[in-house]
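Asks: If you scroll down you'll find the structure; I have some questions about it.
The values are calculated or read from the model by the stated rules, or taken from the named source; none is laboratory data. Every value quoted in this text rests on a predicted model; they were computed, and no experiment measured them. Glycine also receives a Cβ, built like all others from the backbone with ideal geometry; neighbour counts cover every protein chain displayed.
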């Protein structure tokens, strides 16, 4: 399996994501090997990767609107083409915001309801286990992961939200440690506690929590690793 | 010209000295350059002779204090840690958001221009009282500024301190410490060498922002300081991030001869310092400097403090490779000059020489002036120290005091007072939870952060490169230094050492940020030198070097002068993952031991004293240099032997608050504590005394004998106070508190104050 992690100017979780993916190589849970490479924002080619990850950070400083500049990078043309052909794309945090701007996912991000940056550990509930990214997980599984964002308040109009919900496109929701989804377990005001959604076809996932920061026991959780392993095992299935 | 020199805050004696060295009158550009390089901020003219007394070496030292942009200590193999702390107090006082943001940016550049990759930042923040709306405004702006810059750049903000005291009203202290990991083979020096080598300007274009920022920082704040806002720079963390990545590649490929951040006094200080360190000169063509504003004069170009700029010296052979890397990272750059043999700074402008100054006269500790300013013990010192805090407490009308805590009864008992004071301390802003603050900081980017802020006495960062861990802490209790600056300086070092030791780390070096008032006042100078002596003594006992730092004078506003505040940034090392020790209680049934000695009369300068009297007086806690060293050594050896389940330094609020923090952090486990018999009469003061050199530790009952034996062997005072209980409660003598309730109180103070 080959994975590509895109570096935009201002990405700052690129190394962390590369590290988490590299640590999977030949581990017991993963069927086969996993090689990881960086993809450069100014390139038009993807080479032959099986999974593309858009990492977290502040692409172009996010001085305008999160992800607004990055979507115009040359590499994004290739990423859109890859996604349209059914290739697996995972956007984490800023990567999610870029996928929204690139119209690979529906909806938009608002600033957090607190109007402050939030860094914290959250629990998220798996809402749909029939996706490449939750392959091997069960609906209702609870994953512990960090969030760190200023704009993670997912928004879409009523029609769009109904469509997203009806299509089972919500993959993760913020919940409490018992798996209950409620106002108190919603860190940023996101509609329906949405923490991660996918496109209709199911090959593009955007999520605000950082799986790469939950990929080592010493960091407090290994749950994030499961998402990478799912995607790679799904490709291998 | 003499008039201009005066306006630029040069003394008449200094001006005469300029005439003597130059052998002529300086022109406008030259006087600007000299004034800024001779400002307190750049030249350290009043502090340098005192800083020279610090112990500077250990067998880990790879740089000497002041010789490079930051201190560097060897970790293992080719890896080392680079770290430094710096203040941005004055800018933060007039423009808190940008002041704090650019404070973060400036110190990051200091470490990454050497080739280090930043892995952590810490902030020591001091504000006026939280009830004061202006202090809240400054607090909010500073936290937002740190959050904005650090998060976007991608450095985790992992620890620090936030303290509130009336002395900082209108003059907050914003001290930022940056820590990076560096491959010593790739280290870039701050020296310019090699005649004919190119001088390259990298980063943002130069504007008029921050002109005379260094001089601004070398003066007291006045009512008019807000109109000095143009002296505050604007931060661009995105460009900083690009600079970092480009610098890393330049370092890895060994392309640069030397490199330095354009910090205070911008192009002037970077070119002057680099050439002075290399024993060469630099010639710059100012027509080539990238500008973002029209019609800037050489004076403005040289003195601008526009952010996110670096000066690099390259051989002509490597220049194309460096240019290619800068283009790769979309950075602006320009070759603006070259290294010359003559040790002068020569500036060309429109085809003519605009300035020519011997570099030596600009260099701190060399040609720049150095003063041994008069010192005088302030009258207040003896006045404060002669008061006896315990007598005053005994004399205090307890019924009157009880009204403050809403206790209504005819006769007030110790238990009732303990109950109320304990809760009031827990919810006092300096002690209360700082979650509102650190939740706004990305403290995990880089996947090195092992402990969430607030869950350990110091930040713990893993060093994957060597398998080691670093413990990081910043500390200073200004009220101790106010009562006795020597004690305050020494205890700042010791508290930071205790904080890293509590997580299992051995202290290996410090950086210091010395925040004081106007050095021309003999009383301030006396405080300063006393604090330096205290720091020196503590470092010698611990055998840790002062690797570098920053002096910030003139921290005075119309209302107050700040407490003398010598902030210490400590780095400790953990060799083995097994030694990482949590703060929170771990197992029900664990024995709770007090390590160290308590003197219940040590309430001078304490949080208890502030709460009860609203002011500080008496003597601060004793330094106990020797006990510190011995107790820290004991704790570390007990941890390494696997005898310690959890450990927590005893500081603000004393034993009572320390127990509460261990319990609240566990969330589930409580404690049952018996007050030692000899303190039964003075139990209230025993609980809140801030005697130093103490830790609270948890030990499995099966290890009680072993740890007691070890204590006996090492002659360490170790007292069993009680045990961990499987109940959300803290029981101390006859008092009992519910952990959920006190957690609520502890978490809500700052959150509620900062709402809306």
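Asks: Determine, yes or no, whether residue B:146 is under 27 Å from residue B:481 (Cα atoms) and within 14 Å of another protein chain (Cβ to nearest Cβ).
Replies: So residue B:146 fits the description; yes.
Asks: Further, regarding this structure: In the stretch B:591-614, what residues are in contact with a helix residue (DSSP H, G or I) (Cβ under 8 Å, 6 or more places away or on another chain) and either surrounded by fewer than 18 Cβ atoms within 10 Å (Cβ to Cβ) or assigned to a helix (DSSP H, G or I) (or both)?
Replies: Of everything in the stretch B:591-614, those that are in contact with a helix residue (DSSP H, G or I) (Cβ under 8 Å, 6 or more places away or on another chain) and either surrounded by fewer than 18 Cβ atoms within 10 Å (Cβ to Cβ) or assigned to a helix (DSSP H, G or I) (or both) turn out to be B:597, B:607, B:608, B:609, B:610, B:611, B:612, B:613.
Asks: When the residues of the stretch B:227-254 are narrowed to those that are more than 14 Å from chain A (Cβ to nearest Cβ) and buried (at least 21 other Cβ atoms within 10 Å of the Cβ), which ends up modelled with the lowest pLDDT?
Replies: Applying the filter and picking the extreme gives B:231.
Asks: With respect to residue B:620, determine if the residue is part of a loop (DSSP other than H, G, I, E, B), more than 14 Å from chain A (Cβ to nearest Cβ), over 21 Å from residue B:159 (Cα atoms) and modelled with pLDDT of 95 or more.
Replies: yes
Asks: Hey, can you tell me all the residues within the stretch B:393-405 that are in contact (Cβ under 8 Å) with a residue 12 or more places away in the chain and either over 22 Å from residue B:651 (Cα atoms) or not assigned by TED's automatic domain parsing to the domain that holds residue B:689 (or both)?
Replies: B:396, B:398, B:399, B:401, B:402, B:405, listed by residue number.
Asks: Sticking with this one: Checking residue A:79 against (1) closer than 12 Å to residue A:206 by Cα; (2) outside any strand (DSSP E or B), which single condition isn't satisfied?
Replies: In the conditions (1) closer than 12 Å to residue A:206 by Cα; (2) outside any strand (DSSP E or B), residue A:79 misses (1) alone.
Asks: Please go through the stretch B:406-433 and give me each residue that is under 22 Å from residue B:655 (Cα atoms), in a loop (DSSP other than H, G, I, E, B) and touching a helix residue (DSSP H, G or I) at 6+ places or on another chain (Cβ under 8 Å), ordered by number.
Replies: B:427, B:428, B:429, B:430, B:431, B:432, B:433, listed by residue number.
Asks: Among (1) more than 23 Å from the chain's Cα centre (by Cα); (2) outside any loop (DSSP other than H, G, I, E, B), which single condition is residue B:588 missing?
Replies: Exception for residue B:588: condition (2).
Asks: Would you tally the residues in the stretch B:28-42 being assigned to a loop (DSSP other than H, G, I, E, B) and surrounded by fewer than 17 Cβ atoms within 10 Å (Cβ to Cβ)? Write out each step before concluding.
Replies: Quick first cut of the stretch B:28-42, residues assigned to a loop (DSSP other than H, G, I, E, B) only: B:38-39.
If we keep only those that are surrounded by fewer than 17 Cβ atoms within 10 Å (Cβ to Cβ) as well, we get none.
Summing the residues that are assigned to a loop (DSSP other than H, G, I, E, B) and surrounded by fewer than 17 Cβ atoms within 10 Å (Cβ to Cβ) in the stretch B:28-42 gives 0.
Asks: Kindly provide the set of residues from the stretch A:23-49 that are in contact (Cβ under 8 Å) with a residue 40 or more places away in the chain and either closer than 19 Å to residue B:244 by Cα or within 14 Å of another protein chain (Cβ to nearest Cβ) (or both), ordered by number.
Replies: A:23
Asks: Now a separate question. Report whether or not residue A:191 is in contact with a helix residue (DSSP H, G or I) (Cβ under 8 Å, 6 or more places away or on another chain), within 26 Å of residue B:154 (Cα to Cα) and away from chain B (no Cβ under 14 Å).
Replies: no
Asks: Of the numbered conditions (1) over 23 Å from residue B:718 (Cβ atoms); (2) touching a helix residue (DSSP H, G or I) at 6+ places or on another chain (Cβ under 8 Å), residue B:547 satisfies every one except a single condition; which is it?
Replies: Condition (2) is where residue B:547 drops out.
Asks: Would you check if there is a residue in the stretch B:442-455 being touching a strand residue (DSSP E or B) at 6+ places or on another chain (Cβ under 8 Å), away from chain A (no Cβ under 14 Å) and either under 17 Å from residue A:219 (Cβ atoms) or modelled with pLDDT of 95 or more (or both)?
Replies: Within the stretch B:442-455, not a single residue is touching a strand residue (DSSP E or B) at 6+ places or on another chain (Cβ under 8 Å), away from chain A (no Cβ under 14 Å) and either under 17 Å from residue A:219 (Cβ atoms) or modelled with pLDDT of 95 or more (or both).
Asks: Have a look at A:83, A:20, A:78, A:68 and point out the one that is surrounded by 14 or more Cβ atoms within 10 Å (Cβ to Cβ) and within 12 Å of chain B (Cβ to nearest Cβ).
Replies: On the way: A:83 fails: within 12 Å of chain B (Cβ to nearest Cβ); A:78 fails: within 12 Å of chain B (Cβ to nearest Cβ); A:68 fails: within 12 Å of chain B (Cβ to nearest Cβ).
Exactly one residue qualifies, and that residue is A:20.
Asks: Determine which member of the set B:716, B:673 is closer than 27 Å to residue B:416 by Cα and in the same structural domain as residue B:631 (by TED's automatic domain parsing).
Replies: B:673
Asks: Let me ask another. Tell me which of these residue B:284 doesn't satisfy, since it passes every other one: (1) over 12 Å from residue B:207 (Cα atoms); (2) touching a helix residue (DSSP H, G or I) at 6+ places or on another chain (Cβ under 8 Å); (3) surrounded by fewer than 24 Cβ atoms within 10 Å (Cβ to Cβ).
Replies: The number of the failed condition is (3).
Asks: Oh, and also: Out of all the residues in the stretch B:617-631, which are closer than 23 Å to residue B:580 by Cβ and crowded, with 24+ Cβ neighbours inside 10 Å? Walk me through how you get there before you give the answer.
Replies: Just the residues of the stretch B:617-631 that are closer than 23 Å to residue B:580 by Cβ, to begin with: B:628-631.
The answer is B:628, B:631.
Asks: So, in the stretch A:207-221, exactly how many residues are part of a loop (DSSP other than H, G, I, E, B) and either away from chain B (no Cβ under 11 Å) or touching a helix residue (DSSP H, G or I) at 6+ places or on another chain (Cβ under 6 Å) (or both)?
Replies: 3
Asks: What number of residues within the stretch A:95-132 satisfy the criterion of being more than 18 Å from residue A:171 (Cβ to Cβ), in contact (Cβ under 8 Å) with a residue 60 or more places away in the chain and within 14 Å of chain B (Cβ to nearest Cβ)?
Replies: Matching residues across the stretch A:95-132 total 6.
Asks: Now for a separate question. Quick check on this structure: which one of A:179, A:224, A:202 is touching a residue at least 40 places away in the same chain (Cβ under 8 Å) and within 14 Å of chain B (Cβ to nearest Cβ)?
Replies: Being touching a residue at least 40 places away in the same chain (Cβ under 8 Å) and within 14 Å of chain B (Cβ to nearest Cβ) holds for just one of A:179, A:224, A:202, which is A:224.
Asks: Among B:344, B:322, B:336, B:407, which is the only one that is more than 14 Å from every other protein chain (Cβ to nearest Cβ) and within 24 Å of residue B:21 (Cα to Cα)?
Replies: Numbers: B:322 fails: within 24 Å of residue B:21 (Cα to Cα); B:336 fails: within 24 Å of residue B:21 (Cα to Cα); B:407 fails: within 24 Å of residue B:21 (Cα to Cα).
The match here is B:344.
Asks: Go through (1) over 22 Å from residue B:532 (Cβ atoms); (2) part of a loop (DSSP other than H, G, I, E, B); (3) under 31 Å from the mean Cα position of the chain (by Cα) one by one and return the number of the condition residue B:24 breaks.
Replies: Among (1) over 22 Å from residue B:532 (Cβ atoms); (2) part of a loop (DSSP other than H, G, I, E, B); (3) under 31 Å from the mean Cα position of the chain (by Cα), the lone unmet condition for residue B:24 is (3).
Asks: For residues that are more than 17 Å from the chain's Cα centre (by Cα) and farther than 27 Å from residue A:119 by Cβ, scanning just the stretch B:468-484, find the one that is nearest to the other protein chains (Cβ to nearest Cβ).
Replies: My answer is B:482.
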